[in-house]
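The values are calculated or read from the model by the stated rules, or taken from the named source; none is laboratory data. If you're wondering where the values come from, they're calculated on a predicted model, not measured in any experiment. Positions of Cβ are backbone-derived with ideal geometry, glycine not excepted, and every protein chain shown enters the neighbour counts. In case anyone asks, the SASA skips ligands and DNA or RNA and just uses the protein heavy atoms, side chains included. Shrake-Rupley method; radii C 1.70, N 1.55, O 1.52, S 1.80 Å.
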Amino acid sequence: MTMAGELFATNTRPDAPPVSGGGKLTLFLLALVIVIIAEAIGNVSIPVGAGKIVLLPLLWALLLGGALGLMSPRFPAPLRLTGALQNAAGAYLQPALLIFIAKLGLLVGGSLPKILASGWALAFQEFGHFFGTMVFGLPVALLLGIKREAIGATFSVGREPSLAIIGERYGMDSPEGRGVLAEYLTGTVFGAVFIALLAGLIASLGVFNPLALAMGAGVGSGSMMAAASGAIAAQQTPEVAKDVATFAAASNLVTTTIGTYFTLFLSLPFTIWAYGKLEPILGRNRPDAARPAAVDPQAEAPVHQEVRIGLAETVLAWILIGAYGLIGNWLTYGVVPDAKVVGGMAIIIGTVLAGWIVYLLLGRRLPAVLWVSIIGMALTYPGTPYAAEIAALTGKINFLALATPILTFAGLSVAKDVPAFRRLGWRIVVVSFMANAGTFLGAALIAQFFMHPPLG
(Lines give C-alpha, C1' and ligand atoms only; values in the text may rest on other atoms or scores of the structure.)
Protein backbone atom coordinates (compact mmCIF):
# COMPACT_ATOMS: atom_id res chain seq x y z
CA MET A 1 0.00 0.00 0.00
CA THR A 2 1.24 3.52 -0.77
CA MET A 3 1.85 6.14 1.92
CA ALA A 4 -1.35 7.84 0.87
CA GLY A 5 -3.20 4.55 1.04
CA GLU A 6 -1.91 3.93 4.57
CA LEU A 7 -3.00 7.39 5.58
CA PHE A 8 -6.56 6.89 4.41
CA ALA A 9 -6.76 3.35 5.75
CA THR A 10 -7.79 4.69 9.14
CA ASN A 11 -10.75 6.46 7.56
CA THR A 12 -12.05 3.49 5.58
CA ARG A 13 -15.22 1.73 6.61
CA PRO A 14 -14.62 -1.97 5.91
CA ASP A 15 -18.09 -2.80 7.18
CA ALA A 16 -19.77 -0.48 4.68
CA PRO A 17 -22.05 -2.32 2.27
CA PRO A 18 -20.42 -3.06 -1.09
CA VAL A 19 -21.65 -1.30 -4.18
CA SER A 20 -23.86 -3.66 -6.17
CA GLY A 21 -23.81 -4.03 -9.93
CA GLY A 22 -27.17 -2.28 -10.04
CA GLY A 23 -25.76 0.58 -7.99
CA LYS A 24 -22.88 1.04 -10.39
CA LEU A 25 -25.29 0.94 -13.31
CA THR A 26 -27.27 3.72 -11.64
CA LEU A 27 -24.06 5.68 -11.17
CA PHE A 28 -23.15 5.45 -14.86
CA LEU A 29 -26.69 6.35 -15.93
CA LEU A 30 -26.55 9.44 -13.72
CA ALA A 31 -23.15 10.30 -15.21
CA LEU A 32 -24.56 9.94 -18.72
CA VAL A 33 -27.46 12.28 -17.97
CA ILE A 34 -25.11 14.85 -16.43
CA VAL A 35 -22.73 14.71 -19.41
CA ILE A 36 -25.60 15.24 -21.86
CA ILE A 37 -27.03 18.17 -19.88
CA ALA A 38 -23.60 19.78 -19.40
CA GLU A 39 -22.66 19.49 -23.07
CA ALA A 40 -26.11 20.75 -24.12
CA ILE A 41 -25.59 23.88 -22.00
CA GLY A 42 -22.22 24.38 -23.69
CA ASN A 43 -19.85 27.33 -23.18
CA VAL A 44 -21.14 30.40 -21.37
CA SER A 45 -19.08 33.62 -21.28
CA ILE A 46 -19.46 36.13 -18.44
CA PRO A 47 -17.77 39.56 -18.89
CA VAL A 48 -15.63 40.65 -15.90
CA GLY A 49 -14.16 44.10 -16.42
CA ALA A 50 -11.59 43.93 -19.21
CA GLY A 51 -11.66 40.14 -19.17
CA LYS A 52 -14.20 37.36 -19.08
CA ILE A 53 -14.91 34.06 -17.39
CA VAL A 54 -15.83 31.13 -19.61
CA LEU A 55 -17.97 28.42 -18.00
CA LEU A 56 -17.32 25.18 -19.86
CA PRO A 57 -19.35 21.96 -19.97
CA LEU A 58 -16.83 20.35 -17.64
CA LEU A 59 -17.70 22.94 -14.98
CA TRP A 60 -21.42 22.38 -15.45
CA ALA A 61 -20.76 18.66 -15.03
CA LEU A 62 -18.87 19.22 -11.78
CA LEU A 63 -21.56 21.51 -10.37
CA LEU A 64 -24.43 19.25 -11.44
CA GLY A 65 -22.77 16.18 -9.93
CA GLY A 66 -22.04 17.99 -6.68
CA ALA A 67 -25.58 19.39 -6.46
CA LEU A 68 -27.04 15.94 -7.08
CA GLY A 69 -24.98 14.52 -4.23
CA LEU A 70 -25.96 17.30 -1.83
CA MET A 71 -29.67 17.05 -2.63
CA SER A 72 -29.66 13.27 -2.70
CA PRO A 73 -31.00 12.75 0.86
CA ARG A 74 -34.25 14.41 -0.23
CA PHE A 75 -34.76 12.02 -3.15
CA PRO A 76 -36.67 8.72 -3.05
CA ALA A 77 -34.48 5.81 -1.95
CA PRO A 78 -33.94 4.33 -5.45
CA LEU A 79 -32.60 7.69 -6.72
CA ARG A 80 -30.32 8.54 -3.80
CA LEU A 81 -26.62 8.95 -4.36
CA THR A 82 -25.51 7.07 -1.25
CA GLY A 83 -22.12 7.39 0.38
CA ALA A 84 -21.14 4.06 -1.15
CA LEU A 85 -22.03 5.32 -4.65
CA GLN A 86 -20.10 8.53 -4.02
CA ASN A 87 -17.04 6.49 -3.09
CA ALA A 88 -17.55 4.42 -6.24
CA ALA A 89 -17.68 7.63 -8.29
CA GLY A 90 -14.34 8.57 -6.76
CA ALA A 91 -12.92 5.19 -7.74
CA TYR A 92 -14.01 5.68 -11.36
CA LEU A 93 -12.13 8.96 -11.55
CA GLN A 94 -8.92 7.03 -12.35
CA PRO A 95 -10.33 5.25 -15.44
CA ALA A 96 -11.85 8.54 -16.63
CA LEU A 97 -8.57 10.35 -16.08
CA LEU A 98 -6.58 7.75 -18.02
CA ILE A 99 -8.80 8.23 -21.09
CA PHE A 100 -8.05 11.95 -20.93
CA ILE A 101 -4.32 11.36 -20.36
CA ALA A 102 -4.13 8.99 -23.33
CA LYS A 103 -5.65 11.66 -25.58
CA LEU A 104 -3.17 14.23 -24.32
CA GLY A 105 -0.28 11.79 -24.77
CA LEU A 106 -1.31 11.29 -28.40
CA LEU A 107 -1.34 15.08 -28.79
CA VAL A 108 2.04 15.51 -27.13
CA GLY A 109 3.81 12.92 -29.29
CA GLY A 110 3.37 14.84 -32.52
CA SER A 111 4.35 18.10 -30.82
CA LEU A 112 7.45 16.90 -28.98
CA PRO A 113 9.77 18.91 -31.28
CA LYS A 114 7.76 22.03 -30.45
CA ILE A 115 7.88 21.23 -26.72
CA LEU A 116 11.64 20.72 -26.82
CA ALA A 117 11.96 24.00 -28.68
CA SER A 118 10.40 25.77 -25.70
CA GLY A 119 13.86 25.55 -24.14
CA TRP A 120 14.10 26.19 -20.43
CA ALA A 121 10.48 27.29 -20.06
CA LEU A 122 9.12 23.80 -19.37
CA ALA A 123 11.98 22.91 -17.04
CA PHE A 124 12.03 26.00 -14.86
CA GLN A 125 8.28 26.57 -14.66
CA GLU A 126 8.14 23.61 -12.27
CA PHE A 127 9.78 25.80 -9.63
CA GLY A 128 6.73 28.04 -9.91
CA HIS A 129 4.44 25.07 -9.24
CA PHE A 130 6.29 24.00 -6.14
CA PHE A 131 7.17 27.37 -4.60
CA GLY A 132 4.21 29.44 -5.85
CA THR A 133 1.89 27.86 -3.28
CA MET A 134 4.07 29.14 -0.44
CA VAL A 135 4.89 32.55 -1.98
CA PHE A 136 1.23 33.40 -2.56
CA GLY A 137 -0.37 31.54 0.34
CA LEU A 138 1.96 31.85 3.35
CA PRO A 139 1.91 35.66 3.78
CA VAL A 140 -1.88 35.70 3.52
CA ALA A 141 -2.13 32.92 6.09
CA LEU A 142 0.06 34.80 8.56
CA LEU A 143 -1.82 38.07 8.03
CA LEU A 144 -5.07 36.22 8.81
CA GLY A 145 -3.61 34.99 12.09
CA ILE A 146 -3.09 31.35 11.10
CA LYS A 147 -0.09 29.76 12.77
CA ARG A 148 1.61 26.44 11.90
CA GLU A 149 -1.46 25.25 10.00
CA ALA A 150 -0.12 27.57 7.29
CA ILE A 151 2.84 25.24 6.67
CA GLY A 152 0.64 22.28 5.77
CA ALA A 153 -1.75 24.43 3.75
CA THR A 154 0.85 26.23 1.62
CA PHE A 155 3.80 23.92 0.97
CA SER A 156 1.95 22.22 -1.93
CA VAL A 157 -1.45 21.87 -3.58
CA GLY A 158 -2.24 19.24 -0.98
CA ARG A 159 -3.08 16.11 -2.93
CA GLU A 160 -2.67 12.56 -1.52
CA PRO A 161 1.18 12.46 -1.54
CA SER A 162 1.27 15.73 0.41
CA LEU A 163 -1.13 14.29 3.00
CA ALA A 164 1.18 11.32 3.37
CA ILE A 165 4.30 13.50 3.74
CA ILE A 166 2.76 15.67 6.48
CA GLY A 167 1.09 12.71 8.16
CA GLU A 168 4.39 10.84 8.40
CA ARG A 169 6.40 13.82 9.64
CA TYR A 170 3.97 15.60 11.97
CA GLY A 171 0.89 13.41 12.31
CA MET A 172 -2.56 14.39 11.13
CA ASP A 173 -3.55 15.63 14.61
CA SER A 174 -0.91 18.36 14.40
CA PRO A 175 -1.45 21.96 13.21
CA GLU A 176 0.47 21.08 10.04
CA GLY A 177 -1.82 18.09 9.55
CA ARG A 178 -4.94 20.22 9.89
CA GLY A 179 -3.49 22.68 7.37
CA VAL A 180 -2.75 20.11 4.68
CA LEU A 181 -6.16 18.50 5.25
CA ALA A 182 -7.81 21.89 4.73
CA GLU A 183 -5.92 22.28 1.46
CA TYR A 184 -6.90 18.77 0.41
CA LEU A 185 -10.60 19.28 1.14
CA THR A 186 -10.73 22.72 -0.47
CA GLY A 187 -9.06 21.36 -3.59
CA THR A 188 -11.45 18.41 -3.67
CA VAL A 189 -14.61 20.48 -3.26
CA PHE A 190 -13.74 23.69 -5.07
CA GLY A 191 -10.31 23.24 -6.69
CA ALA A 192 -11.41 22.55 -10.27
CA VAL A 193 -14.01 25.32 -10.27
CA PHE A 194 -11.63 27.86 -8.75
CA ILE A 195 -8.68 27.11 -11.04
CA ALA A 196 -10.88 27.10 -14.14
CA LEU A 197 -12.39 30.49 -13.32
CA LEU A 198 -8.97 31.94 -12.51
CA ALA A 199 -7.28 30.49 -15.60
CA GLY A 200 -10.09 31.66 -17.87
CA LEU A 201 -10.01 35.17 -16.45
CA ILE A 202 -6.22 35.48 -16.74
CA ALA A 203 -6.27 34.09 -20.29
CA SER A 204 -8.91 36.61 -21.35
CA LEU A 205 -6.68 39.53 -20.35
CA GLY A 206 -4.18 38.69 -23.12
CA VAL A 207 -1.16 39.41 -20.91
CA PHE A 208 0.35 35.93 -20.97
CA ASN A 209 1.42 33.65 -23.77
CA PRO A 210 -1.29 30.96 -23.77
CA LEU A 211 1.42 28.29 -23.73
CA ALA A 212 2.86 29.77 -20.53
CA LEU A 213 -0.61 29.58 -19.01
CA ALA A 214 -0.90 26.01 -20.27
CA MET A 215 2.27 25.06 -18.40
CA GLY A 216 0.84 26.75 -15.34
CA ALA A 217 -2.22 24.49 -15.64
CA GLY A 218 -0.11 21.36 -15.05
CA VAL A 219 -0.52 21.55 -11.26
CA GLY A 220 -0.29 17.80 -10.66
CA SER A 221 -4.02 17.17 -10.29
CA GLY A 222 -5.74 15.62 -13.30
CA SER A 223 -9.12 17.24 -12.71
CA MET A 224 -7.64 20.67 -11.99
CA MET A 225 -5.36 20.43 -15.02
CA ALA A 226 -8.32 19.50 -17.21
CA ALA A 227 -10.38 22.39 -15.88
CA ALA A 228 -7.63 25.02 -16.18
CA SER A 229 -6.34 23.96 -19.60
CA GLY A 230 -9.92 23.74 -20.88
CA ALA A 231 -10.67 27.29 -19.76
CA ILE A 232 -7.51 28.56 -21.48
CA ALA A 233 -8.01 26.55 -24.67
CA ALA A 234 -11.63 27.69 -25.04
CA GLN A 235 -10.38 31.22 -25.76
CA GLN A 236 -7.81 30.26 -28.41
CA THR A 237 -7.88 29.30 -32.07
CA PRO A 238 -8.27 25.55 -32.72
CA GLU A 239 -4.55 25.19 -33.49
CA VAL A 240 -3.42 27.07 -30.39
CA ALA A 241 -5.98 25.15 -28.33
CA LYS A 242 -4.24 21.90 -29.27
CA ASP A 243 -0.90 23.38 -28.22
CA VAL A 244 -2.43 24.44 -24.90
CA ALA A 245 -3.53 20.86 -24.25
CA THR A 246 -0.11 19.57 -25.28
CA PHE A 247 1.91 21.84 -23.01
CA ALA A 248 -0.49 21.41 -20.09
CA ALA A 249 -0.13 17.64 -20.39
CA ALA A 250 3.67 17.83 -20.57
CA SER A 251 3.81 20.09 -17.52
CA ASN A 252 1.38 17.92 -15.56
CA LEU A 253 3.43 14.81 -16.35
CA VAL A 254 6.59 16.44 -15.02
CA THR A 255 4.75 17.69 -11.92
CA THR A 256 3.24 14.26 -11.26
CA THR A 257 6.46 12.29 -11.66
CA ILE A 258 8.82 14.45 -9.61
CA GLY A 259 6.28 16.23 -7.43
CA THR A 260 6.49 14.01 -4.33
CA TYR A 261 10.27 14.25 -4.13
CA PHE A 262 10.31 17.97 -4.88
CA THR A 263 7.76 18.76 -2.16
CA LEU A 264 9.49 16.49 0.35
CA PHE A 265 13.06 17.72 -0.12
CA LEU A 266 12.60 21.32 -1.32
CA SER A 267 9.12 22.80 -0.90
CA LEU A 268 8.43 21.65 2.67
CA PRO A 269 11.86 22.60 4.11
CA PHE A 270 11.70 25.99 2.37
CA THR A 271 8.17 26.66 3.66
CA ILE A 272 9.25 25.78 7.22
CA TRP A 273 12.19 28.18 6.90
CA ALA A 274 10.01 30.95 5.44
CA TYR A 275 7.45 30.49 8.22
CA GLY A 276 10.16 30.98 10.83
CA LYS A 277 11.29 34.21 9.14
CA LEU A 278 7.88 35.69 8.30
CA GLU A 279 5.75 34.71 11.30
CA PRO A 280 7.43 37.14 13.73
CA ILE A 281 6.85 39.96 11.22
CA LEU A 282 3.45 39.27 9.67
CA GLY A 283 1.98 37.20 12.48
CA ARG A 284 3.11 39.34 15.39
CA ASN A 285 0.48 40.05 18.07
CA ARG A 286 -2.05 37.87 16.30
CA PRO A 287 -4.39 36.43 18.97
CA ASP A 288 -4.44 32.68 19.43
CA ALA A 289 -8.22 32.86 19.04
CA ALA A 290 -7.67 33.51 15.33
CA ARG A 291 -6.24 30.04 14.95
CA PRO A 292 -8.55 27.33 13.66
CA ALA A 293 -9.95 25.31 16.53
CA ALA A 294 -8.32 21.96 17.19
CA VAL A 295 -10.46 19.10 15.99
CA ASP A 296 -10.34 15.36 15.98
CA PRO A 297 -8.60 14.54 12.69
CA GLN A 298 -10.45 11.25 12.41
CA ALA A 299 -13.77 13.09 12.65
CA GLU A 300 -12.65 15.76 10.22
CA ALA A 301 -11.07 13.53 7.62
CA PRO A 302 -13.27 12.38 4.75
CA VAL A 303 -14.50 8.81 5.07
CA HIS A 304 -13.42 6.62 2.18
CA GLN A 305 -14.84 3.20 1.49
CA GLU A 306 -12.37 1.28 -0.63
CA VAL A 307 -14.03 0.33 -3.91
CA ARG A 308 -12.12 -2.30 -5.87
CA ILE A 309 -12.60 -2.41 -9.62
CA GLY A 310 -11.52 -5.54 -11.50
CA LEU A 311 -9.83 -5.43 -14.90
CA ALA A 312 -12.96 -6.49 -16.81
CA GLU A 313 -15.03 -3.86 -15.03
CA THR A 314 -12.32 -1.27 -15.64
CA VAL A 315 -12.27 -2.01 -19.38
CA LEU A 316 -16.06 -1.67 -19.46
CA ALA A 317 -15.72 1.67 -17.65
CA TRP A 318 -13.19 2.84 -20.27
CA ILE A 319 -15.62 1.94 -23.05
CA LEU A 320 -18.54 3.74 -21.40
CA ILE A 321 -16.48 6.81 -20.54
CA GLY A 322 -15.15 6.86 -24.10
CA ALA A 323 -18.73 6.75 -25.37
CA TYR A 324 -19.60 9.69 -23.10
CA GLY A 325 -16.68 11.56 -24.65
CA LEU A 326 -18.03 10.87 -28.15
CA ILE A 327 -21.43 12.22 -27.09
CA GLY A 328 -19.82 15.43 -25.86
CA ASN A 329 -17.70 15.62 -29.00
CA TRP A 330 -20.92 15.46 -31.04
CA LEU A 331 -23.09 17.82 -28.97
CA THR A 332 -20.53 20.57 -28.39
CA TYR A 333 -18.10 20.27 -31.30
CA GLY A 334 -20.41 18.91 -34.00
CA VAL A 335 -18.33 15.82 -34.81
CA VAL A 336 -20.66 12.97 -35.71
CA PRO A 337 -19.37 9.67 -34.24
CA ASP A 338 -18.84 7.87 -37.56
CA ALA A 339 -16.53 4.91 -38.12
CA LYS A 340 -13.36 7.06 -38.19
CA VAL A 341 -14.24 8.87 -34.98
CA VAL A 342 -15.10 5.61 -33.23
CA GLY A 343 -11.83 4.20 -34.55
CA GLY A 344 -9.99 7.14 -33.01
CA MET A 345 -11.63 6.43 -29.67
CA ALA A 346 -10.69 2.76 -29.99
CA ILE A 347 -7.05 3.82 -30.37
CA ILE A 348 -7.32 5.99 -27.24
CA ILE A 349 -8.81 3.14 -25.22
CA GLY A 350 -6.19 0.75 -26.62
CA THR A 351 -3.48 3.16 -25.48
CA VAL A 352 -4.96 3.17 -21.97
CA LEU A 353 -5.16 -0.62 -21.89
CA ALA A 354 -1.54 -0.99 -23.06
CA GLY A 355 -0.33 1.48 -20.45
CA TRP A 356 -2.35 -0.26 -17.74
CA ILE A 357 -0.86 -3.65 -18.64
CA VAL A 358 2.68 -2.23 -18.42
CA TYR A 359 1.74 -0.67 -15.08
CA LEU A 360 0.60 -4.06 -13.73
CA LEU A 361 3.55 -5.99 -15.17
CA LEU A 362 6.01 -3.64 -13.48
CA GLY A 363 4.37 -4.11 -10.09
CA ARG A 364 2.58 -0.74 -9.92
CA ARG A 365 5.88 0.93 -8.96
CA LEU A 366 5.31 3.95 -11.18
CA PRO A 367 1.95 5.64 -11.84
CA ALA A 368 -0.22 4.28 -14.65
CA VAL A 369 -0.51 7.87 -15.90
CA LEU A 370 3.19 7.78 -16.78
CA TRP A 371 2.96 4.63 -18.91
CA VAL A 372 -0.22 5.70 -20.68
CA SER A 373 1.40 9.05 -21.51
CA ILE A 374 4.60 7.44 -22.82
CA ILE A 375 2.74 4.98 -25.06
CA GLY A 376 0.49 7.73 -26.39
CA MET A 377 3.48 9.95 -27.19
CA ALA A 378 5.32 7.08 -28.85
CA LEU A 379 2.37 6.31 -31.16
CA THR A 380 2.31 9.81 -32.67
CA TYR A 381 5.97 10.76 -32.42
CA PRO A 382 7.25 11.84 -35.87
CA GLY A 383 8.93 8.83 -37.48
CA THR A 384 6.79 6.20 -35.77
CA PRO A 385 5.04 4.00 -38.37
CA TYR A 386 1.48 5.22 -39.03
CA ALA A 387 1.98 8.16 -36.64
CA ALA A 388 0.24 10.57 -39.02
CA GLU A 389 -2.74 8.25 -39.51
CA ILE A 390 -3.11 7.69 -35.76
CA ALA A 391 -2.89 11.42 -35.12
CA ALA A 392 -5.52 12.11 -37.77
CA LEU A 393 -7.98 9.60 -36.33
CA THR A 394 -7.55 10.60 -32.69
CA GLY A 395 -7.43 14.27 -33.66
CA LYS A 396 -11.12 14.15 -34.52
CA ILE A 397 -11.89 13.91 -30.78
CA ASN A 398 -11.61 17.17 -28.86
CA PHE A 399 -9.76 16.76 -25.58
CA LEU A 400 -12.31 18.94 -23.78
CA ALA A 401 -15.03 16.42 -24.56
CA LEU A 402 -13.00 13.84 -22.63
CA ALA A 403 -12.54 16.20 -19.69
CA THR A 404 -16.29 16.43 -19.02
CA PRO A 405 -16.64 12.80 -17.77
CA ILE A 406 -13.72 13.37 -15.35
CA LEU A 407 -15.44 16.33 -13.73
CA THR A 408 -18.75 14.44 -13.78
CA PHE A 409 -17.39 11.66 -11.58
CA ALA A 410 -15.54 14.23 -9.46
CA GLY A 411 -18.82 16.06 -8.88
CA LEU A 412 -20.68 12.85 -8.03
CA SER A 413 -18.02 11.99 -5.44
CA VAL A 414 -17.61 15.37 -3.77
CA ALA A 415 -20.68 15.52 -1.50
CA LYS A 416 -19.19 13.00 0.92
CA ASP A 417 -16.45 15.51 1.82
CA VAL A 418 -18.70 18.54 2.38
CA PRO A 419 -19.53 17.86 6.08
CA ALA A 420 -15.82 17.79 6.93
CA PHE A 421 -15.25 20.85 4.77
CA ARG A 422 -17.88 22.84 6.71
CA ARG A 423 -15.96 22.32 9.94
CA LEU A 424 -12.93 24.21 8.60
CA GLY A 425 -12.45 27.88 9.37
CA TRP A 426 -12.93 30.32 6.50
CA ARG A 427 -9.42 31.74 6.95
CA ILE A 428 -7.66 28.55 6.00
CA VAL A 429 -10.01 28.10 3.03
CA VAL A 430 -8.93 31.52 1.74
CA VAL A 431 -5.32 30.45 2.18
CA SER A 432 -5.98 27.28 0.21
CA PHE A 433 -7.37 29.33 -2.68
CA MET A 434 -4.26 31.50 -2.58
CA ALA A 435 -2.03 28.42 -2.67
CA ASN A 436 -3.88 27.06 -5.70
CA ALA A 437 -3.63 30.44 -7.41
CA GLY A 438 0.06 30.54 -6.53
CA THR A 439 0.95 27.23 -8.14
CA PHE A 440 -0.78 28.29 -11.37
CA LEU A 441 0.46 31.88 -11.54
CA GLY A 442 3.95 31.06 -10.28
CA ALA A 443 4.55 28.52 -13.02
CA ALA A 444 2.96 30.74 -15.67
CA LEU A 445 5.15 33.71 -14.71
CA ILE A 446 8.36 31.68 -14.92
CA ALA A 447 7.30 30.04 -18.19
CA GLN A 448 6.43 33.45 -19.62
CA PHE A 449 9.91 34.74 -18.76
CA PHE A 450 11.62 31.88 -20.61
CA MET A 451 9.28 31.74 -23.62
CA HIS A 452 10.88 32.53 -26.99
CA PRO A 453 9.51 34.84 -28.25
CA PRO A 454 7.88 36.09 -25.02
CA LEU A 455 4.43 36.73 -26.45
CA GLY A 456 1.67 38.35 -24.45
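Go through V189, V431 and list them by solvent-accessible area, largest first, probe radius 1.4 Å.
On the way: V189 20, V431 0 Å².
Reading off the accessible areas and sorting them downward yields V189, V431.
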Heavy atoms of the protein only, probe of 1.4 Å, neighbouring chains included. What is the accessible area of S111 in Å², nearest 10?
20
Cβ-defined net charge surrounding F190, 12 Å radius [Lys, Arg +1; Asp, Glu -1]:
-2
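For the full complex of protein chains and a 1.4 angstrom probe, list F131, F190 by accessible area with the highest value first. Let's see the in-between values first.
Details: F131 45, F190 85 Å².
I get F190, F131, largest accessible area first.
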L264: accessible area at probe 1.4 Å, nearest 10 Å²?
70
Leaving out ligands and nucleic acids, note down the accessible area per residue over the stretch 116-213 with a 1.4 angstrom probe, in whole Å².
29
List the lysines whose alpha-carbon lies under 26 Å from that of K24, not counting same-chain residues fewer than 8 positions away?
K103, K416
Using amide H atoms built 1.01 Å from N in the peptide plane, name the residues 5+ places from V48, or on other chains, whose amide H lies under 5 Å from its own.
I53
Once ligands and nucleic acids are excluded and a 1.4 Å probe is used, how much of L143 is accessible, expressed in Å² to the nearest 10?
90
Determine the shape class of the stretch 149-232: with a ≥ b ≥ c the square roots of the Cα gyration tensor eigenvalues, call it rounded for a/c under 1.5, and otherwise prolate if a/b is greater than b/c, oblate otherwise.
prolate
The summed charge of the T404 Cβ neighbourhood (under 13 Å; Lys/Arg +1, Asp/Glu -1) stands at 0
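Mind running the shape call on the stretch 84-133? Use the C-alpha gyration tensor, a ≥ b ≥ c as the square roots of the eigenvalues: rounded below 1.5 for a/c, prolate if a/b tops b/c, oblate otherwise. Before the final figure, lay out the partial values.
Values: a/c = 7.81, a/b = 1.62, b/c = 4.81.
The shape class here is oblate.
Using a 1.4 angstrom probe with every protein chain in place, what is the largest-first accessible-area order of I428, I327, I319?
On the way: I428 5, I327 50, I319 90 Å².
From most accessible down to least: I319, I327, I428.
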Anisotropy class of the stretch 26-110 from Cα gyration tensor, a/c 1.5 cut:
oblate
